[in-house]
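Undergrad: Structure incoming, see below.
The values are calculated or read from the model by the stated rules, or taken from the named source; none is laboratory data. Because the structure is a prediction, the values reported are computed rather than measured. When we count neighbours, we look across all protein chains shown, and the Cβ atoms used for this are built from the backbone with ideal geometry, even at glycine. All accessible areas refer to the heavy atoms of the entire protein, side chains included, with ligands and DNA or RNA removed. Shrake-Rupley method; radii C 1.70, N 1.55, O 1.52, S 1.80 Å.
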Amino acid sequence: MTAPAHPPRRSVAALALLTLLALSACGPRAASEPAAGRAPSVQADAPDTTGQDSAGHDSAGHDSTGHDMAGMDHAAGDHTAGDHGSMNHGSASQGAAPAAPANAAPLPLTVTDGRVVAVPPGVTDTSVFATLTNTGPDDIQLSGVSSPAATGGLLMITRTDAAGLTGMSGVDTLTVPAGGTLTLSDTGDHLMLSGLKAPLQAGERLSLTLTDTQGRALTLDLPVLKP
C-alpha cells in the first residue's frame, strides 16, 4: 500500500503565519471603530453654580465687597467726650434728623461758644458743645441733630444717680427753656454725631442742623477744635 502524500512542513508554517497576521490586522480595528452611523458622545460635566453670582463668587452671606454679613462687627467706636462705649442710648434714634421743610420757620435760638471735637482717624463719633439761648416765649424741644459729615446724630443727657455714679444716655428731646439757656458740655448734656465720613481735624469747620418737634430748623457752622 502506498502512504498518503504529506504537504511540506515549510508550506504549513507559512500558511499559519499568514492566518495570524490577517487576524491581528482585523481584530483590533473592528473593536476600536464605532458602529457605522453612530458618532461617539461626549458629555461635559456642568459646573456647579449653586450659591454663586454671575462672576462665580460665593454670594451667600456676603455683601458687594465680600464681607461676611452674618459675622460683621457693628460695634461703635469710642466717643470723644468721655467713654461712651458702655452708655445706654435708650429709645433715641441714631439716624439723621429728618430734613426740615423748605418753608419751616427758623428756631429762635442764639448759639455761643459752639464747637465740634476733633477726632483721629478710626474714631467715627464726636461730640458737639455750645450754649443755646432761647429768645422765644415758649420752650423749645430739640428733637434732632444732623450733618452732611455724618450718617447720624444723637441727643445726649448726663445724669448722676443716688450712688454718685455718672452716666450718659440718648434721649428723644432736649429742652431749651423759654428765655433761658441750655449748656451743652463735655460734663453735661451734649450732642453727638455718629458715623463720621472722614476724620475731623482741628482748624476745619463743620455744618450741622438742629431741628425741633415743630419742624423748625437752625443750621450752624462750627469750628472743629481739639478736646
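Undergrad: Measuring from label point to label point, each 7 Å out along Cα→Cβ, what is the THR187 to ASP161 span in nm?
TA: 2.2 nm
Undergrad: Taking H as built 1.01 Å from N, whose amide H comes closer than 5 Å to the amide H of GLY114, not counting residues under 5 places away?
TA: THR131
Undergrad: In addition: When the chain is fully extended, how far beyond the present Cα-Cα distance does THR135 get from GLN214, taking 0.36 nm per residue of separation?
TA: Answer, rounded to one decimal: 26.8 nm.
Undergrad: Now a separate question. For LEU206, what residues show an amide H to amide H distance below 5 Å, using hydrogens built from the backbone and excluding near sequence neighbours?
TA: Under 5 Å from the amide H of LEU206: LEU222, VAL224.
Undergrad: Within 10 Å, count the other beta carbons around each residue, average over each peptide in 115-121, 173-179, and list them highest first.
TA: Ranking, from highest mean packing down: 115-121, 173-179.
Undergrad: In Å and from the alpha-carbon atoms only, list the Rg and Dmax of region 159-227.
TA: In order Rg, Dmax, the Cα atoms of region 159-227 give 14.8, 40 Å.
Undergrad: Order 164-170, 125-131 from most to least packed using the mean count of other Cβ atoms within 10 Å. Don't skip to the answer; put the middle values down first.
TA: Details: 164-170: 13.9, 125-131: 21.7.
Highest-to-lowest ranking by the protection proxy: 125-131, 164-170.
Undergrad: Ranked highest first by the average count of other Cβ atoms within 10 Å around their residues, in what order do 147-156, 133-142 fall?
TA: Ranking, from highest mean packing down: 147-156, 133-142.
Undergrad: Let me ask another. Under a plain spin-label model, where a point goes 7 Å from the Cα along Cα-to-Cβ, how far apart in nm are THR112 and LYS197?
TA: About 3.4 nm separates the two model spin labels.
Undergrad: Determine ³J(HN,Hα), in whole Hz, for all residues of region 216-227 in sequence, where each value follows from phi through the Karplus function 6.51 cos²θ - 1.76 cosθ + 1.60 and θ = phi - 60°; x replaces Gly and Pro.
TA: 7, 9, 9, 9, 10, 10, 10, x, 9, 10, 5, x
Undergrad: Would you kindly find the accessible area of ARG159, with a 1.4 Å probe and non-protein molecules such as ligands, DNA and RNA excluded, rounding to the nearest 10 Å²?
TA: Accessible surface of ARG159 is approximately 130 Å².
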